[in-house]
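Here, each number is a calculation from the coordinates, and none is a lab measurement. All values reported here derive from a predicted model rather than from experimental measurement. So basically every Cβ, Gly included, is an ideal-geometry build from the backbone, and we count neighbours across all protein chains shown.
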Amino acid sequence: MNNKTFLAIAPALARWKAVLLCLLAIGALFRLDVATFPDRGLPEYTIHLTASGLTADQVESSVTRKVEEAVRALGSAVQISSDSRAGSGTITVKTTENLGSDYKDRLEQKVSEIMKTLPVKEYSISQEKLGDNLVGFYLLHGSDVQTLSDVARYTVYEKLIQAQGIARVEIDGQAVREQIEIVFRPSMLLAYGLTPEDVLGQLPQDVIREQIGTVGKTGDRTAFTWTSQTEGPQGLGKQLISTGKGYVPLKTLADIRDTRGSKGEEISVYQGSPAVGISVYASEVGQVPAIRQETAKMMAELNTDAGGKYELTLFDDRAQPISAAIAQLTLLGGVAAVLIALYLLASLKRIGPAALSLLAVFMASGTVLGALWLFGMKFTFSALGPLLVFVLVYLVAGATFFSRLDRLGAYSLPGSLKTAWTVVKPLLLALVVMAAAWFTIVMTDMLKAEDKAVLFDAWPVIVLGAASFALVYGWIIPVLTATWLAEPEPADAGENIPRTPGKVTRALTVRWEKMVQQGYLPFGLTLVASVVFVLLLQSFVLVDPFAQVAPKEKTLSLPMVQESNIDDAIKAAKSAEERLRQLPEVADLYTDASRERLTMHVKLTDKSKWTRSVYDLEKELDKQLRDIPQTDPFALVVNSEQKTRLEFTVKGPSMETTQHIAKEILVYLQKMSWRDRDNREIVTDERIGPAQNTAFIDIRPKPDMLARYRVSEEEIKRQLQSYLGEKQAGSIFVNDRNISVIARFPDKWMDHSEQVRHILIRTQQGAVRLSDLVDWSSGEQPQVYQREDGMYVFKVSSAIADARWIDSMAYNLPLAMQEKITVPKGYTILNEDELKKLREEQSDDKDWSGRLIVMLAMVALVLLTSLLVQRRARDGWFALLLLPVLSGGVTLGLLLLDHPMNLMGFYGVAAACAVLLSLALVQLDDMFAASSEQSSIWNGVRSGMQRSWATSAAIAIAIVLASLPIAAGSLADGQTFVSFASALLFGTVFALFATLVLVPGMQHAAEWREAAQSDVSIPVLVRRIRDWQENERIRRSDARARKKRQQQLAQEMRKEAQDGSANKKRELAKEDFLPLPTGTDDAKP
């Protein structure tokens, strides 16, 4: 194809491609799958092992330890911890997976191989996922629990499950009981010589159309089915049970109770009324924002149809963060694009470039979305941030291209293409620098492993964004520009006369020239100030996990007193909710009420609206929940991180030695007899391991008694198990619903261990008490062995009368223990603070060699790209040197606006870096082009700045204005992604300063160095700093001398005035009227 043919078909080809890209973008807007996070696993694996029949010691030595060793051999494991208990074990593996890691496959293969040699019956490997597709959690609240349950199950469920995009609807099943109880009568069982197992074994199971056989041949075959259904609770009571005295109906041996519709074990309370929780999940394919809107519409219809009998309220809007982020950040990009288009309209006085700049942004970003749609990828938070970064680069490219094209006047097709690639090349280098920075982060341990996992799915956007940029701005837009825009008519000579700069402009220009002529000095000072600022204040910036995008919630736990019932819990929950809603920091809450405790789920308002600190808020919460009837205020937990017990952790390589040290600490605490002023014991409830809420009784059969009564151990166990706890007795169909049936004894009939002793065991010699057949002794808590990175861990803790004494005792007691407890080398005793500090130090242990290798490789890539694209390495060096300058700006933005560093904050920093690199490299390219046209270095720098400073300033101002409403919190529902706008706002301001001041100074210094052929830069920089300091010293000395002279002159004038006023006036004499002499002697001194 020759040039003429290309010039002939290029416009038509560009128009068709533009149309296809626009259609692709429109299709992606309606069909691209949108979710909060991708279905990617976090770098933490849990291995569950089942080894029935083994003790905790055996599981630890022969199962979990060997699996640990096999997993550790794979490498990449940051921490390996295990729990070994009787019959089972759990191993948790935290890894440092990088992009493209196959660790999961290797882990599954290794575990599968090692399991063949271990006494393990079952095993499984689980991994937590980033996304759960939860759209929202609703609360259906009203006056009657049974009505709410029926409405949720029949009305709400049936309406939601048919909606497109909803995969499943989960309804809380604990609010209402759905079961039938068989309550045995102990006296009747004794009278008929039956055990509960004898009765339950004779109950028939309901079956429907169970095939039991066929007759006949193939052509005339007849199948027989069996259907047996119990007719509700009454039919269940008529079932006949065989006894030694004949058949008796079940209702003679037990009470049949229909508990359907009664209050369940746990009831949610919301706004003073019972509530039923409903969770709505989206399907794997669909747009979560659209599903959210459709669900909200259906909920509104249900509330309208309810007529005030009940109400559906959205409590946890899980789809809100991604929906609001897409809406508001799209608004940010749109406003910036419109402002830049208005600038092009005002500066070029043509509507064509402004319209094409908007079309270019739409096509380029739409191409990325369309490619994601075609490849079957989801648009999530992991892709939203990178796309916004590219949108900002697109804005810079469009404004720069049309401004440069108008200045050059190259509106022909070859000229337009040539101009476009002079813009595309520096911006491609900027994208390479950004990609290298992203790759450095995800391939090293600069971030936590769980945070890096959120960034992995950005790589498709990076590849597609760069390809779209090259296609749209490197070919389509230049061709369309040459086709649609005619070369403007030459302006009148009078219009080209530059305006005389004003006083302010001249002052700013002079100041700018002085700063630029300092060379590297402004850059060095700015870099040092930025780095020092970050080092000093980075600890004050809040950091949130990247996977956390929803507002934080607070969970409060308030135990109920013993013997409380569900009605007492509901009443207490209403009282607690009424008090908490009075606090301005509480936005909403609901309570899960049970006989054991109240669990309050509290949603807090935005922190900017708080009237007190976190500490004061927790104190107020504790105060409000102290005197609620039927609750235990001393067991209230307001903050899960608050210390409630004195705790010591013993770590060591040997299990026996570590356990021995832990027991010595336990004995030491038990012997402490400290008492407070009220004569109460200060140290109580000493234990090793978790709380022992269950007492254990060891039962051992008496062989001689078993032989005497001719009964086996298995028979005793079978009969004893049927007496203890609730037993599942199958299910029956009632009104086409399968209702479970449970069997139990009456309340308080067997609540104490001594009552179990008197259970009658049926033998061939008659009924015998259990105490006659077995020995009875108190047992110990089942042992659980914990290991962390090969070290055994035992925790010793005790309750303290006053929680304020915990910190002082945690540091003083170990010093006192040293006299009585010997700790061998390699073993440590740590309090809670020391343990936390140790884990932080372990997490801060970085792989500096790996970082260095990756960073050097990325630097080499950037410099190589700079040489290939720009034919010089200076652009790459300047881009790398400018990145640290921006750190101070973004840190300042997050600090001043009090926003956390989260996922969108990270992408806000990336967006600011993209703006800085794009503006700086384009400006540098203009200065290089101008230097070849000017006779001096300074004229080249100044001419290059005059070409593009207005466009750079307009782009930066547009981005700042677009970011300002979101960063200021003016828009609702922006708490999760406001960090993006905060970092971008201040980062763009710093980027503009660097582009207009630092880059010209660096270019000026680099040109002078190249012209002088100087190979030493640091001494020159030091000399300039010294010259600057000397000049400043002289200037201050001159200022002081000038001020001193002015003071002396003022004093002399005041003295002369005083002397003149002191002299008396004399009368004029005759000599005063004589003429002045005019001789030559008057000129003599």
Pairs of Lys in the stretch 41-129 closer than 15 Å at Cα, counting only those 8 or more apart or on different chains: 5
Lys/Arg +1, Asp/Glu -1 at C-beta; the chain dipole; positive extreme among 1041, 555, 638: 1041
Directionally averaged projected area (convex hull, Cα atoms, the chain), nm²: 80.8
Those trypsin sites (Lys or Arg not before Pro) in the stretch 846-933 that DSSP places in a loop and that have at most 10 other beta carbons within 10 Å: 871
Net dipole in debye of the stretch 561-631 [+1 Lys, Arg Cβ; -1 Asp, Glu Cβ; about Cα centre; nearest 20]: 220
Relative contact order %, the chain, counting alpha carbon pairs below 8 Å whose residues are six or more apart: 15
Euclidean distance between Cα centres, the stretch 181-244 to the stretch 722-776, Å: 20
Residue 254 long-range amide H proximity, modeled H, under 5 Å: 185
Total charge dipole magnitude, the chain, about the Cα centre, Cβ charges on Lys, Arg, Asp, Glu only, Debye to nearest 20: 2920
Over the stretch 41-129, equivalent-ellipsoid semi-axes from the Cα gyration tensor in Å: 23, 12, 11
Gap separating the Cα centres of the stretch 360-406 and the stretch 929-974, nearest whole Å: 20
Nearest 10 degrees, 0 to 90: helix 381-408 Cα axis against the chain principal axis: 20
Given charges at Cβ of Lys, Arg, Asp, Glu: the chain dipole, positive-most of 393, 264, 525: 525
Dipole moment magnitude, nearest 20 debye, the stretch 550-593 about Cα centre, only Lys, Arg, Asp, Glu C-beta charged: 180
Vicinal HN-Hα couplings computed from phi for the stretch 114-123 (Karplus, 6.51 cos²θ - 1.76 cosθ + 1.60; Hz; Gly/Pro x): 6, 5, 5, 10, 10, x, 10, 7, 9, 8
Reach of residue 251 by Cα under 28 Å, taken over lysines that are not fewer than 8 positions away in the same chain: 238, 263, 717, 727, 748
Furthest towards positive pole of dipole, 78, 120, 45, structure part the stretch 41-129, Cβ charges: 120
Distance between the stretch 777-810 and the stretch 857-925 - C-alpha centres, whole angstrom: 49
Helical mean residue ellipticity (222 nm; -39500 (n - 2.57) per DSSP H run of 4+; nearest 500) of the chain: -16500 deg cm²/dmol
